[in-house]
Amino acid sequence: MQKHNSEPALKVIFLGGVGEIGKNMTALEYGDDIIVIDCGVTFPNGDMPGVDLVIPDTTYLINNKDRVRGLVLTHGHEDHIGAVPYFIKDLNIPIYGTRLTLALLEPKFREHRVDNVKMNVVKPRSVITLGKNFRIEFVKVSHSIAGSCALAITTPVGVVFHTGDFKVDFTPIDGNVIDLQRIAELGTKGVLLLLAESTNVERPGSSMSEANVGNSLNSIFADNVDRRIFIATFASNIHRLQQIIDLAVKYKRKVAFSGRSMINIAECANKIGELNYPKDVVVDIEKIGKIDDRNLCIVTTGSQGEPMSALTRIASDENSKIKLGFNDTVILSASPIPGNERLVYNVINNLYRHGARVVYEKLAEVHVSGHAYQEELKLIHSLIKPKFFIPVHGEHRHLKKHAELAMRLGMSSENIIITDIGNKVEVTKREMRLGDNVPAGYVLVDGLGVGDIGSVVLRDRKHLAEDGLFVVVVGVNVLSGEITALEITSRGFAYTKENDPIFEQAKDVVRRALANVDLKEEGEWNGVRNIIRKELKSFLFRKTRRNPMILSMILEN
């Protein structure tokens, strides 16, 4: 492809959300202006013991903070807004999003003690200008949370259309159908670059409407009129919550919310008018003991089997106020996120052990995806008719499949780029090419620590988790050089009593290792500790074929 290096290029910078599910963050740069789209988190995998959250590395943006004009949010899911409180501490830039999206950020800012954030509410078809080079229009789309928008971004080289997370739902609960008319108008005028989500690209056909869930739930309510009903779902799915509350009203049941995020989001959505219910319908979870089973519906978190979630604690008998029994029906109105299957089925098994009826996705249509299937993706491609295409929001296999789908629709492979985190794509009116990479990756959040957990700490944690800890404490008289005390303990190494022969043998190993060492050399303890670790490591591996972490301590006396 012929290069036009003298022609100014739009730079599309991927800081998250490609080659992975979650942690979505993309920056657009032209001239002296940079805008940021979304700022999400992902959750740690099995190789990150003790880590709470994973957020994008925003070094590039911090290094260019004087040029960053604003943060634009497509919707309020955690993988799109969860990292905003961390990011905004370093860049106090204006934030733009729909009413619910920004409302969900407010408690996060309070929790992180972030003040004076410039939040600007937008509506579908609102247009904002950031810097000299970006004009952004918000376009209504359907998704599993209210207030979701695609973005039509006008730049000096052309229009970039970013779908955000979306599906094509012709019967949405709020009645606001995806704005296909406006999307078609944009396509007719000409779109230079399409960034489209790829989550469900492997699934043929079209996704079901959210209204289907309401019909299924209605049947379950009708079949369980004398039983107490639990429904576990995503707290952020306001339309699902609205359907549940409407059914509770229809069947004369009170609704109790269980789980901190469920309570917070329901209150937040009700406050801004996105979730509507009579005040006397919702009751405090503390007061449900006085309500008959047939008159109660408990809506809870925990649809993914999260260890500390409300439903998991209820299923494990760890909730003092809610005890399951034979007159309970529990509905899991969600499908397991890949990787969570075992956790979800553990909860289902525990629910069955209590005698409850359990209804989940394999048994009834109690969940629909909020992400577009193949036919919906084809519709957007056909309406937008982009010159260039970059698939986003998916693991590498999703991005690859989405690129293949675009080629089946007639797009040239030369006009498609599959990206990874840290890639910078340069786009002009005539070409698209990979530029130099930027610093990118992930930052680990552990408690109040942000970024202080690195590869060495993770390696040590995995070592401890796999092989345990062996602790040696040696007391030394620095005047005489004599060993005055020698104690050995272990944690996570083996279930052994302190008088187990292996401990006495280990002590002998330490004594022999130090027999020829001059312990009068005060302050030279690093070498002594290394000798102890080396000899014990060899001894323990010969004896047990295990390799625990060995911590040696010298106490001077």
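The values are calculated or read from the model by the stated rules, or taken from the named source; none is laboratory data. Since the model is a prediction, treat every value here as computed from it, not as a measurement. All Cβ positions, even for glycine, are placed from backbone atoms using ideal geometry, and neighbour counts span all protein chains on display. Calculation scope for accessible area: heavy atoms of the full protein, side chains included, ligands and nucleic acids excluded. Shrake-Rupley method; radii C 1.70, N 1.55, O 1.52, S 1.80 Å.
A simple spin-label model places the labels of Arg260 and Ala184 4.8 nm from each other, with each point 7 Å out along Cα-to-Cβ. Counting only DSSP beta bridges with both residues in the chain, the antiparallel share comes to about 50 percent. When Ile285, Ile37 are compared by accessible area of protein heavy atoms, the largest-first order is Ile285, Ile37, using a 1.4 Å probe. Using the Cβ-Cβ distance between Glu286 and Glu341 with R0 set to 30 Å, the FRET efficiency works out to roughly 0.35. Computed extension gain for Ser369 through Ser480, at 0.36 nm per residue and net of the alpha carbon distance, reaches 32.6 nm.
I'd like the orientation of helix 455-467 relative to the chain: the angle between its Cα long axis and the longest Cα principal axis, in ° from 0 to 90, rounded to 10. It is inclined by approximately 60 degrees.
Report note on the peptides 428-436, 92-100: ranked by the mean count of other C-beta atoms within 10 Å, highest first, their order is 92-100, 428-436. Here Lys321 is the anchor, and the aspartates and glutamates within straight C-alpha reach of less than 19 Å, apart from those fewer than 8 places off in the same chain, are Asp284, Glu286, Asp292, Asp293. Dividing the summed -39500 (n - 2.57) terms of all DSSP H runs of n ≥ 4 by the residue count of the chain sets its mean residue ellipticity at 222 nm at -9500 deg cm²/dmol. Taking the empirical scaling 2.2 N^0.38 Å for compact globular proteins as reference, region 98-150 has a Cα radius of gyration ratio of 1.31.
Candidate values (1) 37, 30, 23; (2) 49, 36, 21; (3) 97, 39, 19 were compared with semi-axes √(5λ) of the Cα gyration tensor in Å computed on the shown model; the agreeing label is (2).
For Arg511, the accessible area of its heavy atoms, probed at 1.4 Å with every protein chain present, is near 110 square angstrom. So the label point goes 7 Å from the Cα of Ile128 along Cα→C-beta, right? Which residues of region 52-74 then have their backbone N under 13 Å from it? Inside the label zone: 69-74.
Rg over Rh for region 263-354 works out to 0.98, using Cα positions for both radii and the Kirkwood form for Rh. Projecting label points 7 angstrom from Cα along Cα→Cβ for Asp436 and Asn516 puts them 5.6 nm apart. Multiplying the residue separation of Ser412 and Asp66 by 0.36 nm and subtracting their alpha-carbon distance yields 120.8 nm. Annotation: aspartates and glutamates with alpha-carbon distance below 12 angstrom to Lys167 (same-chain offsets under eight excluded): Asp179, Glu197, Glu210, Glu375, Glu376. Stretching the chain fully between Tyr352 and Asn215 yields a gain of 46.9 nm (0.36 nm per residue, less the alpha carbon separation).
Expressed as an acute angle from 0 to 90° and rounded to the nearest 10, what is the orientation of the C-alpha long axis of helix 260-271 relative to the principal long axis of the chain? Approximately 30 degrees, to the nearest ten.
Rounding to the nearest 10 and keeping the result within 0 to 90°, find how far the Cα-based axis of helix 525-544 lies from the longest principal axis of the chain. It works out to around 80 degrees. At a probe radius of 1.4 angstrom, the accessible area of region 82-141 per residue rounds to 49 square angstrom.
The lysines within cross-link reach of Lys118, meaning a Cα-to-Cα straight distance under 24 Å and a gap of 8 or more places when in the same chain, are Lys23, Lys65, Lys89, Lys108, Lys132, Lys140, Lys271.
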